[in-house]
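The structure under discussion appears below in the form of structure tokens.
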Amino acid sequence: MSVTAAPARTAAASTSLGVLVALSFCHMLNDMQQSLLSAIYPILKDAYLLDFGQIGLLTLTFQLTASLLQPVVGMYTDRRPQPYSLAIGMGFTLVGLLVLSRAGSFGALLAGAALVGTGSSVFHPESSRMARLASGGRYGFAQSLFQVGGNTGQALGPLLAAFIVVPGGQGSLAWFSLAALTAIIVLTQVGTWYRRRRAAGAGPHGRASTDVMSHPRAVVVRGIAVLATLMFSKSFYTAGISTFFTFYLIQHFAVPVRTAQIYLFVFLAASALGTLIGGSIGDRFGRRYVIWASILGPLPFTLMLPHVGLFWTVALAIPIGFIMSSAFSAILVYAQELVPGRVGLVSGVFFGLAFGLGGLGAALLGELADMTSIDLVYRICAWLPVLGLLTWFLPDIEGSRRLA
């Protein structure tokens, strides 16, 4: 019996890793397509004579549709898991890209952004559940591997925009619909694995029975409130960087558009690396410590960034992206453990919170940039990591679990 059981366990583990890699790959394609929107903002600004407020409104439209629907999707799939919903969500993204490539007005741009955001809202909650189901108990590692795909895609967006969309124009966005089609094919296979796994007896929430641990209501409320505030700090600052970094470099240092997009890629690539490492560190040493370091840690660098030259602006953006991005996987898994059995809802809320706060931040910061300057926006955002001090009030559920 032991001879036959060992290969079965090995096969199951390898299958789970394959699913995680497939989800991470599709997350990369999904977020790569989404990041193209912000990467082509300089092109759209010149072509449609947009102001910074309208640029912020584009981001707000995308991120509101990407955020408001996510908790609804997560709540629904907690009760009725939908194995093939990921492929359907990617279909919305495909159509959104085609609309953006042919848009002839600001209204059409908003419609395309809304479709891409809708695809994201369908994709994230259920894919996060599948990643947890395939984790083998290494929840932080699974979420980090899944999330690093998204961060890698976000980093690739500006690079692809610099070398494909800038010379090819707005219509070249249509070529990226092939990436969405590839993701649909892969996600259909992942959906089949998920359906078979559930049929074999896995729970709908992607967790073992031992994963359930109840916490007092006051502890849960306090923990979620602190995590939401920390997400606010991270998302607002990240929105300021990803949406306006190219404009800041162009206006402040007179760099070409392509060079500015390459520098944005450097920041986002550092963020992807930080995401991958943060989850594994959280599994080993505790997610509370990772949250402490990742939110508060970038403060010295963010305070210096608005007051240095071009070289140090890019150099400081690397540790800021690396450290701050390590927070998301730790925050998400921490929230899932605070509210066990609601993986889809919690994932939808926190993915949605990240998108929604980022969109709100982009809109508000865009209006502020129009009224004052981008330099002032960066000086204000530099103080956001101070909110990391609130991690002190985060309940130590990991310590409680060790005692139990």
Test of understanding: in a Gaussian network model of the chain with alpha carbons linked when under 10 Å, which of Thr391, Thr182, Thr61 would top the mean-square fluctuation ranking? Thr182
Out of every Cα-Cα pair in the range 1-154, what percent are more than 18 Å apart? 62
Compute log10 of I(q)/I(0) for the range 28-67 with the Debye formula, placing one identical point scatterer on every Cα and leaving out solvent, at q = 0.17, 0.25 Å⁻¹, to two decimals. -0.46, -0.87
Would you tell me the accessible area of Cys381, worked out with a 1.4 angstrom probe on the heavy atoms of the protein chains, in Å² to the nearest 10? 10
Probe 1.4 Å - accessible area at Val377, Å² to nearest ten: 0
Could you tell me the calculated FRET efficiency between Glu367 and Ser105, based on Cβ-Cβ distance and R0 = 25 angstrom, to the nearest 0.05? 0.70
Taking only complete DSSP H runs, can you tell me which helices of the chain stretch 30 Å or more along their own long axis by Cα positions and average at least -1.0 on the Kyte-Doolittle scale? 2-39, 52-79, 106-133, 139-160, 177-199, 217-253, 257-285, 343-371
Just to be sure I understand: with springs between alpha-carbon atoms less than 10 Å apart, which residue in Ile374, Ile55, Ile164 has the highest mean-square fluctuation in the Gaussian network model of the chain? Ile164
Computed over the chain, protein heavy atoms only, probe 1.4 angstrom, the accessible area per residue in square angstrom equals 40
Comparing Gln154, Gln63, Gln82, which has the greatest mean-square fluctuation in the GNM of the chain with Cα pairs linked when under 10 Å apart? Gln82
So, with points 7 Å from each Cα along the Cβ direction, the Trp175-Leu303 label distance in nm works out to 4.6
Would you mind telling me the share, in percent, of accessible area of the chain contributed by carbon and sulfur at probe 1.4 angstrom? 69
Binned at 5 Å from zero, the C-alpha pair distances of the range 85-207 give percents of 2, 11, 16, 21, 19, 12, 9, 6, 4, 1, 0
List the pair-distance distribution P(r) of the chain, using every Cα-Cα distance, as the percent of pairs falling in each 20 Å bin from 0 up to the bin containing the longest distance, rounded to whole percents. 29, 58, 13, 0
Please list the non-local residues whose amide H lies under 5 Å from the amide H of Gly286, H modeled 1.01 Å from N, same-chain partners needing a gap of 5 or more. none
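If you take the Cα Rg of the range 237-320 and divide it by 2.2 N^0.38 Å, with N the number of residues, what do you get?
So the Cα radius of gyration is 1.20 times the expected 2.2 N^0.38 Å.
The values are calculated or read from the model by the stated rules, or taken from the named source; none is laboratory data. Nothing here was measured: the structure is a model prediction, and the numbers come from that model. Note that we place each Cβ from the backbone using ideal geometry, even for glycine, and neighbour counts take in every protein chain shown. Side chains included, ligands, DNA and RNA excluded: accessible areas come from the protein's heavy atoms. Shrake-Rupley method; radii C 1.70, N 1.55, O 1.52, S 1.80 Å.
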